[in-house]
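These notes concern the structure reproduced below.
The values are calculated or read from the model by the stated rules, or taken from the named source; none is laboratory data. Because the structure is a prediction, the values reported are computed rather than measured. Cβ coordinates were reconstructed from backbone atoms using ideal geometry, including for glycine residues, and neighbour counts include every protein chain displayed. Just so you know, the surface numbers come from the protein's heavy atoms only, side chains and all, with ligands and any DNA or RNA stripped out. Shrake-Rupley method; radii C 1.70, N 1.55, O 1.52, S 1.80 Å.
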Amino acid sequence: MKNILVGTIVAALIFFIWQFLSWSLLNIHGAENTYTPNQDKIINFLEQNLEEGAYFMPTMAPGASPEEKAEMMQSVIGKPWATVVYHDAYEDTMGMNMFRGFVANLLVAFLLCWILVRMKDLSLVSGLVTSLFIGFIGYTVITYIHSIWFETHTLGYLLDTIAQFSLVGLWLGWWLSRGKV
């Protein structure tokens with residue numbers, strides 16, 4: 001049990017440190033935070049016209065008939081569209097966000113440890129490969145599928161998947177295969 005506990009904590013730290021580097025020093029996700037000199041005008045317009053929430057525009061009003069939906073789908077082809085997540089007020093919640101992120105990393109690291117210790121012939125290589133496969137499953141069915149529909153940038157997330165699940169897989173493959181858990 002001590003091996004699982006140590007493996008979980010170190011793996012969670014590896015995830016956490018990579019995520020910090022990815023979003024800050026390495027700026028892997030820069031394409032998701034593009035600056036526009038019109039940001040003040042846009043925010044003022046959104047403030048006057050939206051309530052807090054997530055929006056896909058254009059979309060149908062609730063209760064629209066199938067005919068109205070078909071007509072609207074044809075009328076928007078070739079025209080601009082947007083997804084907007086609007087919040088009424090910016091809050092400095094960095095501390096709580098980091099705490100929640102680390103707790104999520106602990107959970108993922110523990111689940112990965114739980115899977116790996118059940119492998120008959122766990123090794124550095126099998127820990128790496130299994131970890132990468134799990135990372136790619138998550139990336140593909142969530143991030144990549146989302147990007148297909150909403151045309152978002154996913155290269156940063158792919159790089160994150162490869163880097164953090166490789167590092168964690170190498171660590172756990174080595175650590176957990178050293179002896180009986």
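Observations on the structure shown:
- Label zone at T143 (point 7 Å along Cα-to-Cβ), backbone N below 19 Å, segment 153-176: 153-171
- Label separation (D88 vs E47): 1.4 nm, computed from points 7 Å beyond Cα along the C-beta direction.
- About the centre of its Cα atoms, the chain shows a dipole size close to 1300 debye [charges on the beta carbon of Lys, Arg (+1) and Asp, Glu (-1) only; nearest 20 debye].
- In Å², nearest 10: area of W18 left accessible to a 1.4 Å probe: 40
- Sequence-distant aspartates and glutamates (8 or more away, or on other chains) whose Cα lies within less than 19 Å of K79: E68, E71, E151
- When the Gaussian network model of the chain links Cα atoms closer than 10 Å, the mean-square fluctuations of E47, E68, E151 top out at E68.
- Loop-exposed trypsin sites (Lys or Arg not before Pro) per DSSP, neighbour cap 16 Cβ within 10 angstrom, longest uninterrupted part of the chain: 1-117
- Inter-site label distance for T34 and F102 at 7 Å from Cα along Cβ, in nm: 3.5
- Only protein heavy atoms count here; under a 1.4 Å probe, T140 has an accessible surface of about 60 Å².
- Net length gained if the chain between F150 and K69 were fully extended (0.36 nm per residue, minus Cα distance): 27.3 nm
- Diagonalising the gyration tensor over the Cα atoms of the chain and scaling each eigenvalue by 5 before taking the square root yields semi-axes of 41, 20, 15 Å, largest first.
- Here is what passes the span test in the chain: the DSSP H helices with alpha carbon length of 27 Å or more along the helix axis and a Kyte-Doolittle mean of 0.5 or above are 2-23, 94-116, 155-176.
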